[in-house]
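Trainee: Supplied in structure tokens, the structure appears directly below.
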Ligand code: NAD
């Protein structure tokens with residue numbers, strides 16, 4: 001297949017490369033030229049706008065930071081809808097607000113373009129391995145049509161409901177991840193202050209009930225003080241903002257999310273916005289004055 005790929009950042013680059021490895025043709029676009037050059041070196045063809053991608057491809061994947069970026073790329077000047085033919089399928093794999101997915105989908109439908117939302121979990125390592133968890137919203141027939149393409153990038157792809165349901169699922173995922181990192185940071189600081197090495201705590205508890213994929217991935221980073229992203233604090237703030245807005249609109253209480261959001265915003269103000277979300281541990285260092 002000839003697949004358009006727009007948004008070639010930390011996640012988009014390896015995902016596009018996996019499509020190439022699987023034998024697909026990829027037409028890539030990003031506002032940062034080095035990111036396009038990177039996938040062109042792996043065999044992709046470059047495009048100079050989202051419109052140009054849409055003129056060449058009947059399947060287009062977007063992997064962009066947030067709702068305004070996806071709206072601009074799809075509905076804006078030189079955007080996908082200016083170049084797309086009716087019948088084109090748009091797979092938006094960015095993590096954005098479910099309401100934005102619904103709005104963008106409506107604009108797509110008006111031009112005969114079919115859209116599904118298909119955000120992912122797993123981060124850069126799983127994007128590289130092609131083992132992302134993919135959560136999908138939208139027309140089930142379209143999901144089934146592109147299932148094999150999704151499974152090049154992921155090890156699972158679950159249809160969760162109508163358009164926006166993929167992003168609602170992703171928001172639930174982001175609540176669990178954020179709270180889990182905060183819990184690990186809080187517990188490690190308690191152990192440190194009480195005189196027990198966090199490495200020993202990790203070794204002792206990782207096989208028990210407190211063990212988790214999040215702790216396995218983030219505890220070593222916290223203990224090494226290595227906060228290179230990975231998943232940036234600023235992107236997690238974006239997701240928690242979408243969680244809080246969605247929660248308020250549907251009447252779902254989010255007291256713990258609100259607390260972790262405050263921590264992340266403090267870290268952003270302290271200059272950690274571009275660091276990995278495991279830098280939540282720095283918030284506890286600040287509180288504990290260590
Ligand atoms: P990133 O910032 O590394 O990549 C985003 C890319 O989009 C950048 O290369 C940027 O130049 C490009 N871009 C922005 N505006 C554009 C435009 N108008 N036209 C074309 N390109 C544009 O971010 P990322 O980490 O790759 O994340 C992408 C999405 O995936 C986000 O929604 C994020 O929340 C989600 N996500 C990230 C991770 C992770 O671990 N990094 C994990 C799961 C999901």
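Trainee: Please go through segment 9-27 and give me each residue that is near the ligand (Cβ under 10 Å from one of its atoms) and at pLDDT 95 or above, ordered by number.
Mentor: Result: 9, 11, 12, 13, 14, 15.
Trainee: To continue, here is another question. Name the residue, out of 230, 271, 251, 225, that is in contact with a strand residue (DSSP E or B) (Cβ under 8 Å, 6 or more places away or on another chain) and at positive phi.
Mentor: Answer to the selection: 230.
Trainee: So, in segment 28-37, exactly how many residues are part of a strand (DSSP E or B) and more than 9 Å from the ligand (Cβ to nearest atom)?
Mentor: Selection size over segment 28-37: 1.
Trainee: Could you tell me whether segment 58-77 includes any residue that is over 19 Å from residue 109 (Cα atoms), more than 20 Å from the chain's Cα centre (by Cα) and crowded, with 18+ Cβ neighbours inside 10 Å?
Mentor: no
Trainee: Against the condition surrounded by 15 or more Cβ atoms within 10 Å (Cβ to Cβ) and over 14 Å from residue 177 (Cβ atoms), how does residue 257 come out, does it pass?
Mentor: Criteria not met by residue 257.
Trainee: Return the residues of segment 24-66 that are touching a residue at least 60 places away in the same chain (Cβ under 8 Å) and either more than 19 Å from residue 153 (Cα to Cα) or outside the structural domain of residue 82 (by TED's automatic domain parsing) (or both); say none if nothing qualifies.
Mentor: Across segment 24-66, the qualifying residue is only 66.
Trainee: Identify all residues within segment 197-214 that are assigned to a loop (DSSP other than H, G, I, E, B) and in contact with a helix residue (DSSP H, G or I) (Cβ under 9 Å, 6 or more places away or on another chain); write none if there are none.
Mentor: 197, 206, 210, 211, 212
Trainee: So in segment 10-40, with the set limited to residues that are within 20 Å of residue 76 (Cα to Cα) and out of contact with any helix residue (DSSP H, G or I) (no Cβ under 6 Å at 6 or more places or on another chain), which one is surrounded by the most Cβ atoms within 10 Å (Cβ to Cβ)?
Mentor: Among those that are within 20 Å of residue 76 (Cα to Cα) and out of contact with any helix residue (DSSP H, G or I) (no Cβ under 6 Å at 6 or more places or on another chain), it is 31.
Trainee: Counting only residues that are in a loop (DSSP other than H, G, I, E, B) and surrounded by 15 or more Cβ atoms within 10 Å (Cβ to Cβ), which one in segment 215-254 is modelled with the lowest pLDDT?
Mentor: Here the answer is 230.
Trainee: So which residues in segment 181-205 are surrounded by fewer than 18 Cβ atoms within 10 Å (Cβ to Cβ) and in contact (Cβ under 8 Å) with a residue 12 or more places away in the chain?
Mentor: Of everything in segment 181-205, those that are surrounded by fewer than 18 Cβ atoms within 10 Å (Cβ to Cβ) and in contact (Cβ under 8 Å) with a residue 12 or more places away in the chain turn out to be 186, 192, 193, 199.
Trainee: For residue 221, indicate whether it is away from the ligand (no atom under 16 Å from the Cβ) and under 15 Å from residue 276 (Cβ atoms).
Mentor: no
Trainee: Here are some conditions: (1) within 12 Å of the ligand (Cβ to nearest atom); (2) in contact with a helix residue (DSSP H, G or I) (Cβ under 9 Å, 6 or more places away or on another chain); (3) assigned to a loop (DSSP other than H, G, I, E, B). Residue 43 meets all but one. Which one does it not meet?
Mentor: For residue 43, the failing item is (1).
The values are calculated or read from the model by the stated rules, or taken from the named source; none is laboratory data. Bear in mind that the values here come from a model prediction, so they are computed numbers and not experimental data. Backbone-built Cβ (ideal geometry, glycine too); neighbour counts: all protein chains shown.
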